[in-house]
Ligand code: MN
Ligand code: MN
């Protein structure tokens, strides 16, 4: 066989893996950069799960979605959402076809690793005031010292009044930080394992240093409480019923000389929230009912009434069945058994600096499109829902017919580690599920990196799934 023929044969038979930018025209690149600007803007207004839900509801409402509670009955084409305690949300566009044949779901999560304030956070030491924290999700603790942090969340008073807090983002706002030891005196610290260099109990936020002008003890603490009381009308006791989260006070931005990448906090998994939410806004009168999940608590195991393990999602789908006027015993279970889902969660992109933890043939590459994970889990796929080949073939068909750049990968080398998503929770209901999201570098760090190409392919891919599955 001639070399040229062999090259042709190779082209036909190989799964050619290619940088996604190569296939994009100037016009397409323009569309990608344009879409990324919207994403960056959304990210800079949405640092926490509560802010994600608030801003996502605004986007949904401006596109004709209404709370399902406003509807007595539903018909094809209706657009509804359910806001679950301001921390998770489900949206649906009712399909033309009988819902008994199943629904098409895409689900992402709005929570990201961070530092939460403890219930009794405030103390004074050596004339500094501090907030004690308890970290949320899987973090490398040393990454959270000596960076600017902002405080976001709510303080709820016993009369039900809810005070929203967001301080550290605006240009004129102060920021906060957790101090680290100077290298000159860090001999002992530097000898410790990276995991032990910073202790959880030492992640204390420095919040002030001016003493209250009176002869009392704990003057700096008193001064801080006085400021909080004047600004928010709260006392130390009100912090008992607060949810205050510390997140990096660093803006999400375009990255690189070519601006091809996005750097920002919380892209796991807000990038999949934004791409799936904006894709849903393009769905009008779908054949099958399209459902979008924005879950909470994924990073700590999906528990609680805003996490995916709760019954609230089932109740939402039951409400749709009720308001379509077709509900009957066991219909919900049947709907789930006929349904399909993309679990939209980020994937670990291969990082050339740390390539040794990845297996090149089965790693996701930043810039090669949306990444599918047939299974997650750790050591022998433990805990994974492991998508069925038949379903993967269908997702491939949809992506290939719509020219979506995709790659099928796993998280890292077999015995190196692993992870999980909400996929198994929905799969356990009988739904066909595969993980499908954007590859990320520096995942779970205060400043994660993604590719604008993958961002856009996720958006296009999710829309194609809802239109064609
Ligand atoms: Mn995630
Ligand atoms: Mn995560």
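With 20 Å as the cut-off, how large is the P(r) tail for region 114-248, expressed as percent of Cα-Cα pairs?
Working: 4447 of 9045 pairs.
Summing the P(r) tail past 20 Å for region 114-248 gives 49 percent.
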Quick one: of the DSSP bridges fully inside the chain, what percent are antiparallel, nearest 5? 70
When 337, 292, 252, 272 are ranked with the fewest other C-beta atoms within 10 Å first, the list becomes 337, 252, 292, 272
Rounded, prolate or oblate, given the Cα gyration tensor of region 219-325, with a/c below 1.5 counting as rounded? oblate
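Strictly greater than 26 Å: what percent of every Cα pair in region 312-451 meets that?
Here the long-distance tail beyond 26 Å is 33 percent of all Cα pairs in region 312-451.
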Under the rule of -39500 (n - 2.57) per DSSP H run of 4 or more residues, summed and divided by the residues of the chain, what mean residue ellipticity at 222 nm is obtained, to the nearest 500 deg cm²/dmol? -8500 deg cm²/dmol
Taking 80, 273, 449 and counting other C-beta atoms within 10 Å, the order from fewest to most: 449, 80, 273
Relative contact order, percent, region 329-383 [alpha-carbon distance under 8 Å, six or more residues apart]: 27
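When a/c is below 1.5 the answer is rounded, else prolate if a/b is larger than b/c, else oblate, so apply that to the chain with a ≥ b ≥ c taken from the square roots of the Cα gyration tensor eigenvalues.
Here the chain falls in the oblate category.
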Ascending count of other beta-carbon atoms within 10 Å, so fewest first, for 21, 144, 466: 21, 144, 466
Let me check against my output: what whole-number percent is the relative contact order of the chain, with C-alpha pairs under 8 Å and at least 6 apart? 21
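Convex hull over the Cα atoms of region 1-137, averaged projected area in nm²?
It is 18.0 nm².
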Prolate/oblate/rounded call for region 179-263, Cα gyration tensor, a/c under 1.5 rounded: oblate
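FYI, it's all coordinate maths here, none of it is from the lab. Computed from a predicted model, the values in this text were never measured in an experiment. Positions of Cβ are backbone-derived with ideal geometry, glycine not excepted, and every protein chain shown enters the neighbour counts.
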